[in-house]
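J.: Would you mind keeping the following structure in view while I ask a few things?
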Amino acid sequence: MKYENIKGLKGENFRRYTGVHKETFDKIVKILKEAEYKRRRKGGHKSKLSIEEMLLLTLEYLRESRTYFHTAQNYGIHETTAIRVCRWVENILIQSGEFSLPGKKVLAKSDVEFELVLIDATETAIERLKKQEA
């Protein structure tokens, strides 16, 4: 369905749409398919969404900061199903360890220098004129 429409996108356009390169997307799909195979051996019903669509749903949710309700509507599923799919994809990727960042100790021991930029995005109150003063 939705994945069929974008799988033909090349290079930069695929990355612009999904937020990841095609090679990374394919690598994640492979990890998710292995996990799905293990999960389905125990039984259960087949999902309405393919693995690629589950991943795409998760990437769209994370990238666009939309609500689960809006994301679910695009895929024709219920909101709670979208929540379950996103959590499953996230948990499988965390468990795989394939995309983990190095720990603090590893970074401290390396000779690579990192440049760090911090942005303060805290909200501050704005003083407004009172009605009497205006």
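The values are calculated or read from the model by the stated rules, or taken from the named source; none is laboratory data. Predicted model only: the values in this text are computed from it and were never measured. Glycine gets a Cβ as well: all are built from the backbone with ideal geometry, and neighbour counts include every protein chain shown.
J.: Does PHE69 qualify as being loosely packed, with under 13 Cβ neighbours inside 10 Å and modelled with pLDDT of 90 or more?
T.: yes
J.: I would also like to ask the following. Just name the residue that is farthest from PHE14 (Cα to Cα) out of those in segment 27-67 that are free of Cβ contacts under 8 Å to residues at least 40 places away in the same chain and hydroxyl-bearing (Ser, Thr, Tyr).
T.: Among those that are free of Cβ contacts under 8 Å to residues at least 40 places away in the same chain and hydroxyl-bearing (Ser, Thr, Tyr), it is TYR37.
Residues are listed down the side, and each one gets a yes or a no for (1) in contact with a His (Cβ under 7 Å, 6 or more places away or on another chain); (2) among the β-branched types (Val, Ile, Thr); (3) surrounded by 13 or more Cβ atoms within 10 Å (Cβ to Cβ):
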| site | (1), (2), (3) |
| --- | --- |
| GLY11 | no, no, no |
| ARG16 | no, no, no |
| VAL20 | no, yes, yes |
| PHE25 | no, no, yes |
| VAL29 | no, yes, yes |
| LEU32 | no, no, yes |
| TYR37 | no, no, no |
| LYS42 | no, no, no |
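J.: Another question, if that's okay. Taking only segment 77-98 into account, find how many residues are surrounded by fewer than 14 Cβ atoms within 10 Å (Cβ to Cβ) and either part of a helix (DSSP H, G or I) or in contact (Cβ under 8 Å) with a residue 60 or more places away in the chain (or both).
T.: Of the residues in segment 77-98, 7 are surrounded by fewer than 14 Cβ atoms within 10 Å (Cβ to Cβ) and either part of a helix (DSSP H, G or I) or in contact (Cβ under 8 Å) with a residue 60 or more places away in the chain (or both).
J.: ARG39 - would you say it is over 21 Å from GLU4 (Cβ atoms), assigned to a helix (DSSP H, G or I) and at pLDDT 90 or above?
T.: no
J.: Say whether the condition of being assigned to a loop (DSSP other than H, G, I, E, B), under 21 Å from the mean Cα position of the chain (by Cα), over 30 Å from ILE6 (Cβ atoms) and at pLDDT below 75 is met by at least one residue in segment 117-127.
T.: So far as segment 117-127 goes, no, none of its residues is assigned to a loop (DSSP other than H, G, I, E, B), under 21 Å from the mean Cα position of the chain (by Cα), over 30 Å from ILE6 (Cβ atoms) and at pLDDT below 75.
J.: Those residues that are part of a helix (DSSP H, G or I) and either β-branched (Val, Ile, Thr) or touching a Pro at 6+ places or on another chain (Cβ under 8 Å) (or both), I need them from segment 16-30; list them, please.
T.: THR18, THR24, ILE28, VAL29
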